[in-house]
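Scroll down for the structure; my scribbles are underneath it.
The values are calculated or read from the model by the stated rules, or taken from the named source; none is laboratory data. The structure displayed is predicted, hence computed values, not measured ones. Here the Cβ positions follow ideal geometry from the backbone for every residue, glycine too, while neighbour counts run over all protein chains shown.
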């Protein structure tokens, strides 16, 4: 069965917190903010965008909202002659590892004349083997933290805008879904989520091709699911992570329910890093987010906005 989305009951929608009336002055100022649009492609089902380093590029980087740091392929860094930085400890799916870094003097998302100069300051980026990354690098939340990112999967366009805490730019329809989140190490964690009435935590992870659940969530799901299949996943560090794979009947996220959601379960290191090892938690991957067609991830406002698909079915 393919994953699908269900719209929760109208009662739940009516009980959702109401949004404050928009400030006309704020809206006028918001309309003056330039939109930086860029095309993106897919590498092995993951979303990639063109990235320039100084005057060189573009290169294909994965946009990874589950990664605390921007990462560069070691081969690319060496070919560009980037200076080496410190050795740092990073946490990946298969565990922690010590890796060398490279100093990126300036990084832009988008090709010349069409995109955003995300940062003009030096980035100390861990260098990893390109075949494990599946791309030439990762754009992490250290780069995107002051921005809002809108991903239009249908048009294959990403929009990057400055994220203002007092200005909400409304790009979506009035019937779409707004979900508030908390921030852990810069990552957005949705607490308004559940499985069969049990509260769970959901982390938005655009860098993962499949959603990943921790062992606490596995124990809940095991009571109701069928057979689980053993799988092995390769981490960006090259380590191998063993997991149990199945389809979860329904995960509730705000007033949205994911039906038959593919999930791999493991005691992956990021759960401990985020303090989510003992509570049921899920890293929601790009396969699930694509079901909406369009999403907006606003880091400063800690907000996830989801365009309501046309094929929603009421519960």
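What the table below lists for this structure:
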read-out: Residues within the stretch 59-90 that are without any contact (Cβ under 8 Å) to a residue 24 or more places away in the chain and closer than 30 Å to residue 303 by Cα, tallied; value: 1
read-out: Residue 146 vs. criteria at pLDDT below 80 and in the same structural domain as residue 70 (by TED's automatic domain parsing); value: yes
read-out: Verdict on residue 279 being crowded, with 23+ Cβ neighbours inside 10 Å, in the same structural domain as residue 239 (by TED's automatic domain parsing), touching a strand residue (DSSP E or B) at 6+ places or on another chain (Cβ under 8 Å) and modelled with pLDDT of 85 or more; value: no
read-out: Matching residues in the stretch 151-201 - criterion: being within 16 Å of the chain's Cα centre (by Cα), in a loop (DSSP other than H, G, I, E, B) and at pLDDT below 70; value: none
read-out: Flag if residue 277 is farther than 30 Å from residue 154 by Cβ and in contact (Cβ under 8 Å) with a residue 12 or more places away in the chain; value: yes
read-out: Test: residue in the stretch 254-261 that is over 28 Å from residue 73 (Cβ atoms), surrounded by fewer than 19 Cβ atoms within 10 Å (Cβ to Cβ) and not assigned by TED's automatic domain parsing to the domain that holds residue 137; value: yes
